[in-house]
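Q: Sending over a structure as structure tokens; questions will come in a sec.
Every read-out reported here was derived from the displayed coordinates using simple, explicitly stated rules and does not represent laboratory data. Predicted, not measured: the structure shown is a model, and the values here were computed from it. Cβ placement follows ideal geometry from the backbone for every residue including glycine, while neighbour counts extend to all protein chains displayed.
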């Protein structure tokens, strides 16, 4: 095993790798002109990013909102249903195969149907796709978390004559919370990806995905890449926020 | 009133666990009385039903035969009335709660007001010597400290009966002896009756007024030995000839015959 990196190196090392790769890219495109024509220089991408910042931000807002609505609704639905499944065994039996079915639904397969169903002026199809994608990991993780209470803790609450509601509030829920956060972290990335991919299959003519497709088709590769950078930014923000939440909640988990 | 002078009364208590391979008799024909304020240890090899008996008294499991009463009530009613406090081999602290909040958990569950809880926490952390750690979380404490928090939690509602299931079983010998002395002091100070499950002979002898010796297959009581050190449970006791005499007596009762060469740890 290699020794752990010092704290500063953990930030500097990946940044250095990124800078080196960016340098190679610039050299290939701008200096030796070896790259295919569809690959723009990072400099050109940066220029497009600055030039079209306002509309890129607008489209980012559309996609991020779709992802967020899908993530929120899908997660709430997943939490409620997982709670029911954990509390009532027959419901668990009923839901398990359904969730397995939803988990294997290829998002790209139903996206055109949903988009057509709700029309070219509605974001609902995209939000629904993000919601379905977010639902599965949240449901699975919350259901698992609700079953993680330790026997010694259950004995303790029974010995303390706690009511079922008190047991849920003081033991079951806090035990499940880190699992919920893990589910949310996984779901957040899936929701962003799904909301973006859904835009490739119709619906309103806004959003990062639509813009990437339009720019690429009209040969504006640098602009397309600028939009890709916008998409990455959305994904990063979602991931970082949910990771932070997860870290806060799991701080006190192991004993 | 007999209700107040007898903490635990078991008559003909038995427990049968149904398993796939058939019924397993965990406990049979247990007759035992624990007086108020008395310290009684249950000792015996694995499978002798000592923990099962404790769980029956705590109403964590139900007896399949016989009658069991705690301060004259059914075990079920005694649990609902919070007549006992309990500590397990694992401290069983909630990791997301501070030491203080863990100790106050039973009080919180029974609607004790915040000011009263704070006052009680202060008393209890002082009793178990953890005043400086009241705002720490369990993962910042050693195993022995966690167990002291668990004992403080068991004492939170001033129970007249303390049930302890090998609370020092997972600790090293030094911590263990220290906590035994602490427990002897706490039990004397609070005047609570204690039913204490252990598989350590010296521990049982040091702490108890009486040692209940149990035997497996089926789990039953084979002997009850008085120790009678009174209130003289100080460190010097561990070195005294009377102490070794009692240890030998319990060991012989456990093995069912005089032991040639006592193998003291």
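Q: So which residue, out of B:114, B:50, B:73, gets the largest mean-square fluctuation from a GNM of chain B using Cα contacts under 10 Å as springs?
A: Fluctuation is largest for B:114.
Q: What angle do you read, to the nearest 10 degrees and between 0 and 90, between the alpha-carbon axis of helix A:208-217 and the longest principal axis of chain A?
A: 30 degrees
Q: To continue, here is another question. Computed over the Cα atoms, what is the radius of gyration of region A:143-217 divided by 2.2 N^0.38 Å, N being its residue count? Each step should come with its number before you reach the end.
A: Numbers: Rg = 21.7 Å, N = 75, 2.2 N^0.38 = 11.3 Å.
Here the Cα radius of gyration is 1.92 times the empirical estimate.
Q: Along the Cα→Cβ direction, 7 angstrom out, place labels at residue A:98 and residue B:242. What is the inter-label distance in nm?
A: With each label point 7 Å from Cα toward Cβ, the separation is 7.1 nm.
Q: Right, another one. Could you work out how much longer the chain between residue B:217 and residue B:17 gets when fully extended? Use 0.36 nm per residue separation minus the Cα distance between them, nm to one decimal.
A: Details: separation 200, 0.36 × 200 = 72.00 nm, distance 1.29 nm.
Working it through step by step, the gained length comes to 70.7 nm.
Q: Compute for chain B: radius of gyration divided by Kirkwood radius, i.e. Rg/Rh, restricted to C-alpha atoms, rounded to two decimals. Please list the in-between numbers first.
A: Values: Rg = 18.5 Å, Rh = 19.1 Å.
Reported Rg/Rh, Kirkwood definition of Rh: 0.97.
Q: How high is the relative contact order of chain A? Use alpha-carbon pairs under 8 Å, at least six apart in sequence, and give a whole percent. Please list the in-between numbers first.
A: On the way: 306 pairs, mean separation 65.6, N = 255.
The normalised contact order for chain A reaches 26 percent.
Q: OK, next. Which translational diffusion coefficient, to the nearest whole µm²/s, is obtained for region B:116-265 from the Stokes-Einstein equation, given a Kirkwood hydrodynamic radius over C-alpha pairs, 20 °C and 1.002 mPa s? It would help to have the intermediate numbers written out before the result.
A: Details: Rh = 16.8 Å.
Translational D for this selection: 127 µm²/s.
Q: Considering the Cα positions of chain A, please state its Rg to one decimal place and its Dmax as a whole number of Å.
A: Rg and Dmax of chain A, Cα atoms, are 22.7, 77 Å.
Q: Compute the FRET efficiency between residue A:58 and residue B:118 as 1/(1 + (r/R0)^6), taking r as their Cβ-Cβ distance and R0 = 51 Å, and round to the nearest 0.05. Walk me through the numbers before you get to the answer.
A: On the way: r = 53 Å, r/R0 = 1.05.
Between residue A:58 and residue B:118 the formula returns 0.45.
Q: Considering only A:151, A:40, A:14, give the residue with the highest GNM mean-square fluctuation for chain A, with springs between Cα atoms whenever their separation is below 10 Å.
A: Looking only at A:151, A:40, A:14, the largest GNM fluctuation is found for A:14.
Q: Still on this structure, please answer the following. By how many nm would the segment from residue A:84 to residue A:17 grow when fully extended, if each residue of separation counts as 0.36 nm and the alpha-carbon distance is taken off?
A: Numbers: separation 67, 0.36 × 67 = 24.12 nm, distance 4.74 nm.
Difference between extended and current length: 19.4 nm.
Q: So if R0 is 25 Å, what FRET efficiency would residue A:229 and residue A:9 give, r being the distance between their Cβ atoms, rounded to the nearest 0.05?
A: 0.45
Q: Let me ask you something else. Count the DSSP beta bridges whose two residues both fall in region B:1-130, then state the antiparallel fraction as a percent rounded to the nearest 5. All intermediate terms of the calculation are to be shown ahead of the outcome.
A: On the way: 17 of 17 bridges.
The antiparallel fraction comes to roughly 100 percent.
Q: Taking R0 as 51 Å, what's the FRET efficiency between residue B:126 and residue A:116 from their Cβ-Cβ distance, rounded to 0.05? Before the final figure, lay out each step's value.
A: Details: r = 71 Å, r/R0 = 1.40.
For residue B:126 and residue A:116, the calculated efficiency is 0.10.
Q: Also: By what distance, in whole Å, do the Cα atoms of the protein assembly as shown stretch along each of the three principal axes, largest value first?
A: Principal axes ranked by extent give 97, 50, 50 Å for the Cα atoms.
Q: Express the relative contact order of chain B as a whole percentage, based on alpha carbon pairs under 8 Å and six or more residues apart in sequence.
A: Numbers: 505 pairs, mean separation 66.2, N = 265.
Averaging sequence separation for qualifying contacts and normalising by length gives 25 percent for chain B.
Q: How far is helix A:42-51 tilted off the main Cα axis of chain A, in degrees rounded to 10, range 0 to 90?
A: With both axes taken from Cα atoms, the answer is about 80 degrees.
Q: Given the peptides A:23-33, A:105-115, B:56-66, A:66-76, arrange them by the average over their residues of other C-beta atoms within 10 Å, most packed first. Kindly include the intermediate steps, with their values, before the conclusion.
A: Details: A:23-33: 12.3, A:105-115: 15.5, B:56-66: 19.5, A:66-76: 22.8.
Those peptides, ordered most packed to least, come out A:66-76, B:56-66, A:105-115, A:23-33.
Q: Over 5 Å intervals from 0, what percent of Cα-Cα pairs in region A:86-211 sits in each interval?
A: 2, 11, 16, 15, 14, 12, 10, 7, 6, 4, 3, 1, 0
Q: Would you calculate the convex hull of the Cα atoms in region A:1-127 and tell me its volume per residue in Å³? Mind showing how you got there, number by number?
A: Numbers: hull volume 34.3 nm³, N = 127.
Convex hull of Cα atoms, per residue: 270 Å³.
Q: Which angle between 0 and 90 degrees, to the nearest 10, do you get for helix A:7-26 versus the longest principal axis of chain A when only C-alpha atoms count?
A: 30 degrees
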